[in-house]
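Worksheet: one structure, shown below.
The values are calculated or read from the model by the stated rules, or taken from the named source; none is laboratory data. Computed from a predicted model, the values in this text were never measured in an experiment. We place every Cβ from the backbone using ideal geometry, glycine too, and count neighbours over all the protein chains shown.
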Ligand code: GLN
């Protein structure tokens, strides 16, 4: 039985703990066993917290036995978090050499919320360095493998979190999404991932990549599990002035009530179905749209004309903000410091040359360029204007429809090394995801089928600002209607 516990959803595990059918220790051990058995192939974890997880589990079991455990939403549930979210006393590397030995003195707000809700931290997951990438190949340490085909990438940048959930190493995880980094790996790994509205979840303790785009969000095996995780982490935070003081809806009761979705209007942006889209993905999305019609949701074509410029806009704004955010890694306060340098300038130079990987350096250079005098107006300022136009496109579309539905990615999970040496090819994989970050709206990716080769296909639903409850309701209904059958994992 213990070996099967790791296959259960958060919802099912909660029932087992509440009913006294399994102890937190048994559950935690089941996931640790699974990690022991398969993580040498998946490589989802950068740091495992085996001992402290078991100690925490034992403590929760004692509290449960004494009836003083409180009623945390995640009581006894093992969780993994992406290694760009700081954890007090637990190494947080951002998958970068420059932070290889960094042990934060404080917890991110989301980590504190998970703990308050009774979650057990299992470990920190691999990602692209500082979240820059779409395949987890940009980790300074090692790439993570796709649990459905070990020769393929799990997506990125939250590839470790997505692969860990898909491979039953944890029932749920947190990631961060600046341009698709929760949704794209969720799509590639056949699970559910949600990027909340900008401001819905505190970014305090999320190591900044592009501050106006970054958002933390949940990954899980089902829409319900993602709703539980979002419920636990959402809300305003005095430590993050961009978090929004708007009450958090009750996502779970929204799903528990089983309200139907009849009459909710679906818009399909015509720009999302261009020639770049893989045929199998297109067919799978079309079939899902028919299911939505069957649920009583009218489907109409809409247009987001600025989609064409989204990648260029994103790859100006994100590197610009990154170049400024990453200025703090200079070897002075924390992180790697190059040894034996004689003056300050060579210390800065060598520290950063040794500490950052290729893609991070590329972004810092692009960002510095687009912000520099003489180029600022032509690039950064202009990108900001296009961003406003794109946001307006969305506001227009949402006057006519409740949601936008389409593919999460233009292609199926690609092979390791396939795009690694061609940054532009890699950037183009973000075409359907960056728009939600630029507009600040929520986006969710969920499985909508598997290809002939047995690879997962992700469907994306985008909603107006702060409409997470309605978004989860639609996704939940579609999940039931689709009833996607999963082939066997590769591990
Ligand atoms: N793939 C995108 C990038 O490399 C998005 C990354 C992210 O969302 N963190 O910038």
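Cβ-Cβ below 8 Å, separation at least six or inter-chain, first residue in the stretch 372-392 and under 24 Å from residue 432 (Cβ atoms), second outside any helix (DSSP H, G or I): which pairs? Qualifying pairs under 8 Å: 386/306; 389/306; 390/304; 390/306; 391/440.
Scanning the stretch 347-360 for residues that are part of a helix (DSSP H, G or I) and within 14 Å of the ligand (Cβ to nearest atom) turns up 358, 359, 360. The strands (runs of 3 or more DSSP E) located wholly in the stretch 378-491 that include 3 or more residues which are within 16 Å of the ligand (Cβ to nearest atom) and touching a helix residue (DSSP H, G or I) at 6+ places or on another chain (Cβ under 8 Å) occupy 443-450, 456-462.
Of all residues in the stretch 278-307, those that are touching a strand residue (DSSP E or B) at 6+ places or on another chain (Cβ under 8 Å) and not in a loop (DSSP other than H, G, I, E, B) total 15. The residues in the stretch 197-214 that are farther than 15 Å from residue 128 by Cα and within 13 Å of the ligand (Cβ to nearest atom) can be counted, and the count is 5.
Residues in the stretch 178-204 that are in contact with a helix residue (DSSP H, G or I) (Cβ under 6 Å, 6 or more places away or on another chain) and over 27 Å from residue 413 (Cβ atoms) were compared, and the one that is surrounded by the fewest Cβ atoms within 10 Å (Cβ to Cβ) is 204.
What residue, among those in the stretch 167-183 that are within 25 Å of residue 40 (Cβ to Cβ) and touching a strand residue (DSSP E or B) at 6+ places or on another chain (Cβ under 9 Å), is nearest to the ligand (Cβ to nearest atom)? Residue satisfying both the conditions and the ranking: 181. Answer yes if at least one residue in the stretch 190-201 is in a loop (DSSP other than H, G, I, E, B) and at positive phi, and no otherwise. Yes. Identification of strands (runs of 3 or more DSSP E) wholly contained in the stretch 41-143 with 3 or more residues that are without any contact (Cβ under 8 Å) to a residue 60 or more places away in the chain yields no element.
For the stretch 124-154, taking the residues that are more than 19 Å from residue 191 (Cα to Cα) and more than 16 Å from the ligand (Cβ to nearest atom), the one that is surrounded by the most Cβ atoms within 10 Å (Cβ to Cβ) is identified as 141. Of the residues that make up the stretch 246-256, is at least one touching a strand residue (DSSP E or B) at 6+ places or on another chain (Cβ under 6 Å), within 16 Å of the ligand (Cβ to nearest atom), under 23 Å from residue 112 (Cα atoms) and at pLDDT 95 or above? Scanning the stretch 246-256, I find no residue that is touching a strand residue (DSSP E or B) at 6+ places or on another chain (Cβ under 6 Å), within 16 Å of the ligand (Cβ to nearest atom), under 23 Å from residue 112 (Cα atoms) and at pLDDT 95 or above, so the answer is no.
For the stretch 310-345, give me each residue that is touching a residue at least 40 places away in the same chain (Cβ under 8 Å) and either more than 16 Å from the ligand (Cβ to nearest atom) or assigned to a loop (DSSP other than H, G, I, E, B) (or both). Listed by number, the residues that qualify are 329, 334, 335, 336.
Of all residues in the stretch 217-234, none satisfies being assigned to a loop (DSSP other than H, G, I, E, B), away from the ligand (no atom under 16 Å from the Cβ), closer than 29 Å to residue 325 by Cα and in contact with a helix residue (DSSP H, G or I) (Cβ under 6 Å, 6 or more places away or on another chain).
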